[in-house]
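Data block below; observations after.
The values are calculated or read from the model by the stated rules, or taken from the named source; none is laboratory data. The structure displayed is predicted, hence computed values, not measured ones. For neighbour counting, all protein chains shown are included, and Cβ atoms are generated from backbone atoms with ideal geometry for every residue, glycine included.
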Amino acid sequence: MPWFKFLHIIALVSWCGLLLYLPALLGQLARPERVAEGISPGAPPLPRLLFNGLASPVALLAIASGTLLFLLHGVVGTWLVLKLLAVSVMVLAHGLCGWLLLRLEQGRPRGVAAGSLLAAGVAGVAMLAVVGLVLAKPAL
(Lines give C-alpha, C1' and ligand atoms only; values in the text may rest on other atoms or scores of the structure.)
Protein backbone atom coordinates (compact mmCIF):
# COMPACT_ATOMS: atom_id res chain seq x y z
CA MET A 1 0.00 0.00 0.00
CA PRO A 2 2.96 2.44 0.20
CA TRP A 3 2.81 2.86 -3.58
CA PHE A 4 -0.77 4.09 -3.28
CA LYS A 5 0.20 6.67 -0.67
CA PHE A 6 3.07 7.68 -2.96
CA LEU A 7 0.58 8.15 -5.83
CA HIS A 8 -1.59 10.32 -3.55
CA ILE A 9 1.38 12.48 -2.54
CA ILE A 10 2.57 12.90 -6.15
CA ALA A 11 -0.94 13.88 -7.29
CA LEU A 12 -1.32 16.30 -4.39
CA VAL A 13 2.06 17.97 -4.97
CA SER A 14 1.29 18.30 -8.69
CA TRP A 15 -2.12 19.82 -7.97
CA CYS A 16 -0.63 22.25 -5.45
CA GLY A 17 2.04 23.34 -7.91
CA LEU A 18 -0.55 23.96 -10.59
CA LEU A 19 -2.79 25.82 -8.11
CA LEU A 20 0.08 28.24 -7.58
CA TYR A 21 1.20 28.44 -11.20
CA LEU A 22 -2.23 28.91 -12.84
CA PRO A 23 -3.13 32.13 -10.96
CA ALA A 24 0.31 33.55 -11.77
CA LEU A 25 -0.15 32.72 -15.45
CA LEU A 26 -3.70 34.10 -15.54
CA GLY A 27 -2.63 37.28 -13.77
CA GLN A 28 0.18 37.75 -16.29
CA LEU A 29 -2.18 37.23 -19.22
CA ALA A 30 -4.63 39.77 -17.76
CA ARG A 31 -2.10 42.62 -18.01
CA PRO A 32 -3.32 45.29 -20.46
CA GLU A 33 -0.45 44.88 -22.92
CA ARG A 34 -1.00 41.09 -23.01
CA VAL A 35 -4.76 41.45 -23.50
CA ALA A 36 -4.15 43.65 -26.56
CA GLU A 37 -2.02 40.88 -28.10
CA GLY A 38 -4.79 38.30 -27.77
CA ILE A 39 -4.43 34.55 -28.02
CA SER A 40 -3.31 33.16 -31.35
CA PRO A 41 -6.18 31.34 -33.08
CA GLY A 42 -5.73 27.68 -33.85
CA ALA A 43 -3.27 27.03 -31.03
CA PRO A 44 -4.65 25.65 -27.78
CA PRO A 45 -4.01 28.27 -25.09
CA LEU A 46 -1.63 27.15 -22.38
CA PRO A 47 -3.92 28.09 -19.45
CA ARG A 48 -6.80 25.97 -20.81
CA LEU A 49 -4.46 23.06 -21.46
CA LEU A 50 -3.02 23.27 -17.95
CA PHE A 51 -6.42 23.60 -16.29
CA ASN A 52 -8.27 20.88 -18.25
CA GLY A 53 -5.37 18.62 -19.15
CA LEU A 54 -3.34 18.62 -15.93
CA ALA A 55 -4.79 20.47 -12.93
CA SER A 56 -8.27 18.96 -13.00
CA PRO A 57 -7.16 15.34 -13.58
CA VAL A 58 -4.49 15.44 -10.85
CA ALA A 59 -6.97 17.13 -8.48
CA LEU A 60 -9.42 14.29 -9.06
CA LEU A 61 -6.64 11.73 -8.64
CA ALA A 62 -5.47 13.34 -5.38
CA ILE A 63 -9.01 13.46 -3.98
CA ALA A 64 -9.90 9.93 -5.11
CA SER A 65 -6.69 8.39 -3.79
CA GLY A 66 -7.03 10.30 -0.51
CA THR A 67 -10.57 9.02 -0.14
CA LEU A 68 -9.45 5.45 -0.78
CA LEU A 69 -6.61 5.81 1.75
CA PHE A 70 -9.11 7.07 4.31
CA LEU A 71 -11.42 4.12 3.64
CA LEU A 72 -8.56 1.62 3.90
CA HIS A 73 -7.03 3.03 7.10
CA GLY A 74 -10.25 4.24 8.72
CA VAL A 75 -8.64 7.15 10.59
CA VAL A 76 -11.48 9.38 11.74
CA GLY A 77 -11.51 12.41 13.97
CA THR A 78 -11.17 16.14 14.16
CA TRP A 79 -7.90 15.92 12.24
CA LEU A 80 -9.63 14.42 9.20
CA VAL A 81 -12.51 16.90 9.27
CA LEU A 82 -10.09 19.84 9.34
CA LYS A 83 -8.01 18.34 6.53
CA LEU A 84 -11.11 17.80 4.40
CA LEU A 85 -12.10 21.40 5.06
CA ALA A 86 -8.68 22.59 3.86
CA VAL A 87 -8.95 20.38 0.75
CA SER A 88 -12.41 21.86 0.10
CA VAL A 89 -10.86 25.33 0.17
CA MET A 90 -8.30 24.12 -2.38
CA VAL A 91 -11.18 22.92 -4.56
CA LEU A 92 -12.74 26.39 -4.29
CA ALA A 93 -9.45 27.98 -5.36
CA HIS A 94 -9.36 25.52 -8.28
CA GLY A 95 -12.87 26.59 -9.29
CA LEU A 96 -11.89 30.25 -9.01
CA CYS A 97 -9.00 29.61 -11.42
CA GLY A 98 -11.47 28.07 -13.87
CA TRP A 99 -13.78 31.06 -13.58
CA LEU A 100 -10.89 33.48 -14.12
CA LEU A 101 -9.80 31.49 -17.15
CA LEU A 102 -13.31 31.78 -18.61
CA ARG A 103 -13.28 35.54 -18.07
CA LEU A 104 -9.99 35.82 -19.96
CA GLU A 105 -11.24 33.65 -22.81
CA GLN A 106 -14.38 35.79 -23.09
CA GLY A 107 -12.25 38.90 -23.41
CA ARG A 108 -13.21 40.29 -19.98
CA PRO A 109 -9.87 40.62 -18.20
CA ARG A 110 -11.11 43.17 -15.64
CA GLY A 111 -10.59 41.79 -12.15
CA VAL A 112 -8.63 38.74 -13.31
CA ALA A 113 -5.36 39.99 -11.83
CA ALA A 114 -6.95 40.64 -8.42
CA GLY A 115 -8.81 37.33 -8.61
CA SER A 116 -5.56 35.56 -9.40
CA LEU A 117 -3.95 37.00 -6.29
CA LEU A 118 -6.95 35.89 -4.25
CA ALA A 119 -6.89 32.38 -5.74
CA ALA A 120 -3.17 31.98 -5.11
CA GLY A 121 -3.46 33.31 -1.55
CA VAL A 122 -6.41 31.12 -0.64
CA ALA A 123 -4.79 28.06 -2.22
CA GLY A 124 -1.50 28.77 -0.43
CA VAL A 125 -3.14 29.07 2.98
CA ALA A 126 -5.14 25.89 2.39
CA MET A 127 -1.98 24.03 1.31
CA LEU A 128 -0.14 25.13 4.44
CA ALA A 129 -3.10 23.96 6.50
CA VAL A 130 -3.03 20.54 4.81
CA VAL A 131 0.71 20.18 5.40
CA GLY A 132 0.36 21.24 9.04
CA LEU A 133 -2.51 18.84 9.62
CA VAL A 134 -0.70 15.96 7.95
CA LEU A 135 2.34 16.56 10.14
CA ALA A 136 0.11 16.71 13.23
CA LYS A 137 -1.77 13.53 12.24
CA PRO A 138 -2.15 10.94 14.97
CA ALA A 139 0.03 7.86 14.58
CA LEU A 140 -1.58 4.87 12.90
The listed residue being under 19 Å from Pro32 (Cα atoms), hydroxyl-bearing (Ser, Thr, Tyr) and within 18 Å of the chain's Cα centre (by Cα), out of Ser116, Ser88: Ser116
Name the residue that is modelled with the lowest pLDDT, counting only residues in the stretch 51-80 that are more than 19 Å from the chain's Cα centre (by Cα) and among the β-branched types (Val, Ile, Thr). Val75
Go through (1) over 16 Å from the mean Cα position of the chain (by Cα); (2) surrounded by fewer than 13 Cβ atoms within 10 Å (Cβ to Cβ) and name the single condition Gly121 misses. (1)
In the stretch 73-130, which residue that is basic (Lys, Arg) and outside any helix (DSSP H, G or I) is nearest to Pro45 (Cα to Cα)? Arg108
